[in-house]
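Worksheet: one structure, shown below.
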Amino acid sequence: MNTRRGFLKGAGLALFGLGIGGVPTFIANAAASFKNTSLYKKNKILICIFQRGAMDGLMAVTPFTDQFLKAARPTIFMEAGNGKPLIDLDGRFGLHPAMKSFEHLFKSKQMAIVHGIGSPNNSRSHFDAQDYMESGTPFNKGTNSGWLNRAVGLLGHDATPFCAVSLTNSLPRSFYGDNPAVAINNLQDFKIQTKGNATNSNTVSKSFEDLYDQTSNNLLKDTGKESFDAMKMLQSADTKNYKPSNGAVYPASGLGNSLKQLAQLIKMDVGLEVGFAEHGGWDTHFNQGTEMGTFARNAKDLSDSITAFWTDLGQLQDDVVIMSMTEFGRTVKQNGTNGTDHGRGSCNFIIGNNVNGGIVHGIVKPLSIENLEDKRDLAVTTDFRAVFSEVAQQHLLIKDNSILFPDWTGAKIGVMKS
């Protein structure tokens, strides 16, 4: 048995914290401990950001030469060039002005964009579409595990307790499964929670210790001690102020703080290989706006947070790929309240030094009614699994698609360099 995996699963652990803070001193100690074991080695890191609520890909990255789109969005369409707000990427697609911090990443070829990406399942339910995307099985609601959890199991080596970390209040669907994963709300004010007890930290600590002491599995108890000790250090550690590198300035937002803490974990080298954060507020049914408004605020937060994280990494950028995802896009035609409704295709962003960057990948046909899905939506021309699996294969060196994405045998689209 993978004993760390078994211990974390059997204990029903989740890690919680309040507020925003620095790096616990336990991390340095844990890292030093891990380096003394034969299991520790330097590995690549994938950071996934889920944009919950369904981002309007046609507003984030607009095919601004498309007159059909312009006609469908009389009050929210923007143009590029000659003082117009959109940032011209390639003569056809324009980046939303609030995402200006992405411009350098794209033009330096550190960012790739995939347009027309989505699920083959045409559900427009937020809950169902997110579940399908995070499980990686878009036609099977009964899948117990998430695709990122399966990725952890396919890494080809044993994992540290902090191999898969989600900076969220609870474990996301992507991390469900038998492989080790923890949800950390914050790196300050940690406490250890066992199932059914999240109130008194002393009681929690005692119940957790009792659980460990009373286990009848000696193999688990002996070899799981490293995980247990790390958790206890985490609970009792003091915190220190964290200063980002290279002049990086994180937005004072939920996503900015999550990515800042993931940067801390990466720098302390505790074995993080899969990180997860989420960013809500993309359900823009009303008053979506153009240069200003709901969409612009979210777009600026997303791009500024990711750019700060990437800048903060400095020389560690070679080890990291960042990938965004959203459950579906928005309707091509704006609605009667200057917003957009649930649609199908959207776009996503992949950042790394080994991406095939400076390109808007995918197929976006002219948005005439005969080219729209259900005569209303940007068609899904790239299955999300084509992109997710290519990133996992090329960056994390995961080869077994039959486990990572069951029932899918599609081809790469070239978003990563060979």
Out of the residues in region 71-107 that are in contact (Cβ under 8 Å) with a residue 40 or more places away in the chain and charged (D, E, K, R), which is farthest from Ile350 (Cα to Cα)? Arg73
Of (1) modelled with pLDDT under 95; (2) part of a helix (DSSP H, G or I), Met59 satisfies every one except (1)
Condition broken by Ala386, with the remaining ones in (1) in contact with a Gly (Cβ under 8 Å, 6 or more places away or on another chain); (2) under 30 Å from Met292 (Cα atoms); (3) of a type in the set (Gly, Ala, Ser) satisfied: (2)
Among (1) part of a loop (DSSP other than H, G, I, E, B); (2) crowded, with 16+ Cβ neighbours inside 10 Å; (3) of a type in the set (D, E, K, R), the one test that Lys365 misses: (2)
Determine which member of the set Leu46, Leu105, Leu69 is in a helix (DSSP H, G or I), within 30 Å of Pro138 (Cα to Cα), modelled with pLDDT of 95 or more and not basic (Lys, Arg). Leu69
Do we find that Ser145 is under 23 Å from Thr409 (Cβ atoms), in a helix (DSSP H, G or I) and modelled with pLDDT of 95 or more in this structure? no
Would you mind stating whether Thr340 is surrounded by fewer than 19 Cβ atoms within 10 Å (Cβ to Cβ), over 14 Å from the mean Cα position of the chain (by Cα), modelled with pLDDT of 95 or more and on the phi < 0 side of the Ramachandran plot? no
Take the residues of region 296-326 that are small (Gly, Ala, Ser) and under 15 Å from the mean Cα position of the chain (by Cα): which is farthest from Lys260 (Cα to Cα)? Ser324
Here is a check on your reading of the model: is Val332 buried (at least 18 other Cβ atoms within 10 Å of the Cβ), among the aliphatic types (A, V, I, L, M), closer than 29 Å to Tyr176 by Cβ and touching a residue at least 40 places away in the same chain (Cβ under 8 Å)? no
Let me confirm something: among Gly196, Gly256, Gly280, Gly247, which residue is under 29 Å from Val152 (Cβ atoms), surrounded by fewer than 19 Cβ atoms within 10 Å (Cβ to Cβ) and at pLDDT 95 or above? Gly280
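The values are calculated or read from the model by the stated rules, or taken from the named source; none is laboratory data. All values derive from a computational prediction rather than experimental measurement. Virtual Cβ from ideal backbone geometry, glycine too; neighbours counted across all protein chains shown.
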